1. Can you check what the net charge comes to around Asp17, using other residues whose Cβ is under 10 Å from the Cβ of Asp17 (Lys, Arg +1; Asp, Glu -1)?
2. Please report, as a whole percent, how much of the solvent-accessible surface of the chain comes from carbon and sulfur atoms (probe radius 1.4 Å).
3. Count charges around Gly55 for me, please; just the other residues with Cβ under 12 Å from its Cβ, Lys/Arg as +1, Asp/Glu as -1.
4. What length, rounded to one decimal in nm, is gained on full extension from Ala145 through to Arg51, with 0.36 nm per residue of separation minus their alpha-carbon distance?
5. In the stretch 146-170, whose amide N lies under 15 Å from the spot 7 Å out along Cα-to-Cβ of Ala14? List them in ranges.
6. Once the other residues with Cβ under 15 Å from the Cβ of Lys99 are scored (Lys, Arg +1; Asp, Glu -1), what is the net sum?
7. Fully extended, how many nm does the chain gain between Gln23 and Glu176 (0.36 nm per residue separation, minus their Cα-Cα distance)?
8. Taking only protein heavy atoms into account and a 1.4 Å probe, give the accessible area per residue of the chain in Å².
Amino acid sequence: MGLAGDMVLLAFGARGDRLPDRQVLAPAVRGALLAELLDGGRLVDGGGAVRAAGGGAPEDAALRQVWEAVAAEPGRTWLHWVRADGRASVHAVLRGLEKDGLLERGTSRVFGVFPLHRAVLTADGRTAAEGVRAAVAAVVEDPAAGGRAALLAGLAHAGGRLGTALSAERRRALKERLAVLSEGAAPVSAAVRRAVRDLRGAAAS
């Protein structure tokens, strides 16, 4: 389970039966995929432009989709790739979590006509999500902490996905620490923040 899988688990509510709309979730998930590829040396930043590097396509399906797209169009910006194919990436990450036994997916119909796709965490998934929330909360509270959880926290902050791990009151109290974590996830975090802001602006207009 990669960074994007952790981002999806973080997005679930405590009961594990509610996931945000995929369009809203997509920038954070795309950002997590891009950040993992960058951190692993599979992508390279060149003054804000992205290109694929090193080792060929990843084995993980969600990472591979992003890497192959970047390899086919080198020189695009981080914002372009955060915005691109978001729903497909969320679907790929959900499929991976389902394969790992962490969630179950199904489709029902509203009024017997319109399809409604649902994803619900299994018992193992709820345990994993609890662990992700705890790790994120701990790394935000500890100014000396770093590593994978710090990267996830920085991206989640940029994507507006920290609400399940930290209360609004704690997020306000720790805003300087969150800014540091978000900067630590640069340049991807800046693109995620911009994409989320644009989505919210479009929804409000």
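The values are calculated or read from the model by the stated rules, or taken from the named source; none is laboratory data. Being a predicted model, the structure only gives us computed values, none of them experimental. Methodologically, a virtual Cβ is constructed for each residue, glycine included, from the backbone with ideal geometry; neighbour enumeration extends over all protein chains shown. SASA here: full protein model, heavy atoms, side chains in, ligands and nucleic acids out. Shrake-Rupley method; radii C 1.70, N 1.55, O 1.52, S 1.80 Å.
1. Values: positive: Arg15, Arg18, Arg118, Arg126; negative: none.
Around Asp17, the charge tally is +4.
2. Working: 5320 of 10340 Å².
Carbon and sulfur: 51 percent of the exposed surface of the chain.
3. Combined, the nearby Lys, Arg, Asp and Glu give +1.
4. On the way: separation 94, 0.36 × 94 = 33.84 nm, distance 2.98 nm.
Here the segment from Ala145 to Arg51 would lengthen by 30.9 nm.
5. From the stretch 146-170, the list is 163-170.
6. Residues near Lys99 contribute -3 overall.
7. 52.3 nm
8. Computed with neighbouring chains in place, this is 50 Å² per residue.
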